[in-house]
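Right, one structure below, let's go through it.
The values are calculated or read from the model by the stated rules, or taken from the named source; none is laboratory data. None of the values given here were measured: they were computed from a predicted structure. Quick reminder, even Gly has a Cβ in these numbers, built from the backbone with ideal geometry, and neighbours come from all protein chains shown. Note: areas computed on protein heavy atoms with side chains; ligands, DNA, RNA excluded. Shrake-Rupley method; radii C 1.70, N 1.55, O 1.52, S 1.80 Å.
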Amino acid sequence: MSTYQLRGIRRLWYRRMRLYIGLWMSVIVSLGIASSVWADSVDVRCDIYPNGAREPAGQYFCVFAQRQGYITLDRADGVYYDFYPVENQPGQYQDHHGRPVYHLSGLGNAGMIFQLVHESVYVYWNTSGLE
């Protein structure tokens with residue numbers, strides 16, 4: 001085989017390898033995007049406690065979603081919460097107005113508590129109390 005033919009074969013091989021690598025990368029990226037869209041959301045019960053209240057002002061079906069540290073709660077009555085993590089401050093968030101939100105313990109494996117400026121949202125994984 002001549003040098004000219006070897007160069008042609010190498011070029012063809014490199015083109016095919018770039019094509020295969022490009023195809024595999026697009027498959028990996030599309031699978032990653034699809035999994036992030038489906039992951040980390042669940043139906044929950046949200047109990048809303050105004051500051052200082054011993055009883056909830058309301059109980060709602062909610063959708064809880066967590067993606068890359070960001071938390072959203074979408075209540076059945078149309079109220080929507082967005083919590084953005086505060087960098088280097090575990091358990092501390094900000095709402096969409098920039099006000100502080102704190103993730104508190106107290107429910108154990110039953111759920112989570114978020115303390116906002118004017119209310120606390122108790123998130124329970126079990127929705128049977130609303131059925």
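For residue 86 and residue 67, calculate 0.36 nm times their separation in residues minus their Cα-Cα distance, and state this gained length in nm to one decimal.
Numbers: separation 19, 0.36 × 19 = 6.84 nm, distance 1.44 nm.
Contour length minus the Cα-Cα distance gives 5.4 nm.
Only protein atoms count toward the accessible area here, which uses a 1.4 Å probe; on the range 37-97, the carbon and sulfur part of that area reaches 47 percent. Considering only Cα atoms, the convex hull volume of the range 59-112 works out to 100 Å³ per residue.
Using 1/(1 + (r/R0)^6) with R0 = 25 angstrom and r between the beta carbons of residue 41 and residue 99, what's the FRET efficiency to the nearest 0.05? Before the final figure, lay out the partial values.
Values: r = 24 Å, r/R0 = 0.96.
Step by step, r from the Cβ atoms, then E = 0.55.
May I ask for the equivalent-ellipsoid semi-axes of the range 82-131, computed as the square root of five times each C-alpha gyration tensor eigenvalue and listed largest first in whole Å?
Working: eigenvalues 100, 31, 15 Å².
They are 22, 13, 9 Å, listed from largest to smallest.
How high is the FRET efficiency from residue 55 to residue 126, r the C-beta distance, R0 22 Å, rounded to 0.05?
Working: r = 19 Å, r/R0 = 0.86.
Step by step, r from the Cβ atoms, then E = 0.70.
Using C-alpha pairs under 8 Å with a sequence gap of at least 6, the mean separation divided by the residue count of the range 80-131 gives a relative contact order of 20 percent.
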